[in-house]
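Below you'll find the structure, written out as structure tokens, and then a few comments.
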Amino acid sequence: MAGTSSRTFGIERGIYYCAKFLAQTSQNLWLASLFLIAGTGSSPALGLSSLFLATLLPSILLGLPGGAIADRLGPARGFAAGAVLRFLPIAAALFFLDGGTSAWIFAFAYSTGSQVFTPAEMALVKPLQHAQAGRVHSWLVALQYGGQGMGMLVLAPALYFLGGPRLMLAGAATGFLVLTAITALLAWRLAPVAVKAPKSVASAMRFGETIRFFRSEYRARYALTALGLKMVVAKGIVVALPFYLERDLGLGLGGLAYLMVPGVIGVVAGLLWCGRSLTLDRANDVMRLAILGLVVSVAALAALDYGITAVAQLSHVPPVIRLEAQMNTTFAVAIPVAFLLGLCLSGVLIAARVALTETAPMGQQARVFAVQLTLTESFIALPLLLMGVGTTFAGARPTLGVLALVMVVAFAVVEVDRWRSTGRRSLPAPALPETATA
């Protein structure tokens with residue numbers, strides 16, 4: 001979709017935003033019902049582990065073909081096709097899901113459809129709002145978080161109370177049926193717009209141009225690393241949080257409510273930070289600052305309160321010593337860290353997506369995001385496993401400390417890559433040899 005002004009797509013952007021919110025709401029309702037059914041079956045451990053694996057494998061094995069199909073169809077039609085592929089297994093689950101032992105089959109089929117839906121969704125940003133991708137991505141992240149809260153925290157408990165898991169499944173199926181209609185409407189409205197797409201499925205399946213794009217564009221590589229670090233931190237905090245709350249804060253899982261408020265405020269601040277003024281050049285600065293903020297946050301959770309206690313004890317000032325002894329230093333550190341985590345997690349997510357949207361060539365956008373999603377899902381599995389083992393046997397603090405060190409190394413690598421790439425671009429072009437004139 002090239003050569004069109006984003007000002008002509010106001011209605012289409014509204015439809016797109018509605019689809020995003022409905023997709024997130026319905027997806028979280030669907031996942032809540034699946035995990036509830038699998039976790040309460042005859043073999044809950046087997047059911048839950050197979051469910052996790054079934055949702056992960058398609059993103060690793062089928063992510064690249066899914067992105068290729070989305071590029072071949074065009075982002076709007078790929079978005080609609082992905083919605084249909086998501087709806088079909090949910091509709092089938094209404095009739096054929098017989099308990100936790102078969103939940104993984106429907107989860108696998110649903111995740112397979114997501115490999116077309118998600119890259120196409122990301123590829124629609126540039127055609128719909130070519131000049132201000134930051135605004136669209138900020139709205140998408142806000143709608144993503146809002147939809148997750150609506151599906152998991154509002155609709156799932158309400159429907160479970162009214163009719164149990166089956167009513168939750170019916171609610172998810174209804175949501176995805178409406179989503180299918182909305183995405184079809186969007187595809188119909190965008191049908192007259194010219195689409196730059198591969199000429200055949202075979203050419204779409206060739207990722208040579210996409211690989212060359214990542215090799216030549218350091219900002220895309222930076223975004224790839226930033227999104228990977230964001231995913232590791234977000235999921236790693238979830239792994240370590242129960243141990244941290246109970247053993248270090250002494251609050252138990254109920255203490256999560258105290259950290260949610262500053263975390264949510266941080267997320268909102270991140271959305272405002274990355275609003276309409278987020279350009280490609282500014283996205284690089286936001287990614288850099290957000291990664292540093294994540295490093296500081298993780299390191300602070302690991303050891304900052306120890307430093308505060310040591311300073312208070314070494315100060316030999318009685319009021320300072322008494323104040324430190326009376327308050328929970330670890331909890332006092334966790335409150336601002338929760339705000340900083342929310343700020344940086346939302347900021348790095350939006351900025352990295354803007355960098356990919358602005359640099360990826362038209363006709364390859366879905367494949368670029370498919371590569372990003374596939375690599376992210378592939379490479380975070382081992383770190384998360386190690387974090388789980390480390391937290392169980394060594395505790396949350398040492399594990400978070402190791403994570404902070406790994407992030408410092410990753411940040412140093414991408415910064416060196418950035419310096420080398422910008423240095424090469426700033427070199428003067430070689431002088432052309434003079435031609436002899438008669």
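The values are calculated or read from the model by the stated rules, or taken from the named source; none is laboratory data. Please read all numbers here as calculations on a predicted model, not as lab measurements. When we count neighbours, we look across all protein chains shown, and the Cβ atoms used for this are built from the backbone with ideal geometry, even at glycine.
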Query raised in the report: How about the stretch 346-367: which of its residues are among the β-branched types (Val, Ile, Thr) and either out of contact with any Asp or Glu (no Cβ under 9 Å at 6 or more places or on another chain) or farther than 13 Å from PHE213 by Cβ (or both)?
Result: VAL348, ILE350, VAL354, THR357
Report task. Could you tell me whether ALA194 is loosely packed, with under 13 Cβ neighbours inside 10 Å, among the hydrophobic types (A, V, I, L, M, F, W, C) and not in a helix (DSSP H, G or I)? Result -> yes
Requested in this report: Within the stretch 197-238, work out how many residues are of a type in the set (A, V, I, L, M, F, W, C) and surrounded by fewer than 18 Cβ atoms within 10 Å (Cβ to Cβ).
Outcome: 6
Query - Filter pass, PRO262 being modelled with pLDDT under 85 and surrounded by 14 or more Cβ atoms within 10 Å (Cβ to Cβ) - result: no
Query raised in the report: In the stretch 86-109, what residues are of a type in the set (Val, Ile, Thr) and either crowded, with 23+ Cβ neighbours inside 10 Å or under 23 Å from the mean Cα position of the chain (by Cα) (or both)?
Result: ILE90
Query raised in the report: Do the conditions hold for VAL389, that is, is it within 13 Å of GLY228 (Cα to Cα) and among the aliphatic types (A, V, I, L, M)?
Result: no
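Results for (1) hydrophobic (A, V, I, L, M, F, W, C); (2) at pLDDT below 95; (3) under 26 Å from ALA366 (Cβ atoms), shown as yes or no for each residue.
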residue	(1), (2), (3)
SER6	no, yes, yes
THR25	no, no, yes
LEU48	yes, yes, no
THR55	no, yes, yes
LEU73	yes, yes, yes
THR101	no, yes, no
Query raised in the report: From the list ARG86, ARG135, which one is modelled with pLDDT of 95 or more and among the basic types (Lys, Arg)?
Result: ARG86
Query - Selected residue (only one of ALA410, ALA394 is among the small types (Gly, Ala, Ser), in the same structural domain as GLU217 (by TED's automatic domain parsing) and surrounded by fewer than 16 Cβ atoms within 10 Å (Cβ to Cβ)) - result: ALA394
Requested in this report: Spot the failing condition for PHE176; the list is (1) among the aromatic types (Phe, Trp, Tyr); (2) surrounded by 13 or more Cβ atoms within 10 Å (Cβ to Cβ); (3) under 18 Å from PRO127 (Cβ atoms), and only one is missed.
Outcome: (3)
Requested in this report: Hey, could you check the stretch 199-244 for residues that are more than 20 Å from VAL116 (Cβ to Cβ) and of a type in the set (D, E, K, R) and say which is modelled with the lowest pLDDT?
Outcome: LYS235
**Report entry** The listed residue being in contact (Cβ under 8 Å) with a residue 12 or more places away in the chain, surrounded by 24 or more Cβ atoms within 10 Å (Cβ to Cβ) and under 18 Å from the mean Cα position of the chain (by Cα), out of ALA23, ALA70, ALA76, ALA83
**Finding:** ALA23
Query raised in the report: Do you know which of the residues in the stretch 183-230 that are touching a residue at least 24 places away in the same chain (Cβ under 8 Å) and charged (D, E, K, R) is farthest from LEU289 (Cα to Cα)?
Result: ARG189
Query raised in the report: Taking the condition in contact with a helix residue (DSSP H, G or I) (Cβ under 6 Å, 6 or more places away or on another chain) and within 24 Å of LEU375 (Cα to Cα), does PHE79 pass?
Result: yes
Query raised in the report: Here are some residues: ALA158, ALA184. Which one is out of contact with any helix residue (DSSP H, G or I) (no Cβ under 7 Å at 6 or more places or on another chain), surrounded by fewer than 22 Cβ atoms within 10 Å (Cβ to Cβ), farther than 30 Å from LEU278 by Cβ and among the hydrophobic types (A, V, I, L, M, F, W, C)?
Result: ALA158
Requested in this report: Please note which helices (runs of 4 or more DSSP H) are completely contained in the stretch 56-168 and include at least 3 residues that are of a type in the set (Gly, Ala, Ser) and farther than 30 Å from PRO192 by Cα.
Outcome: 75-96, 100-123, 133-149
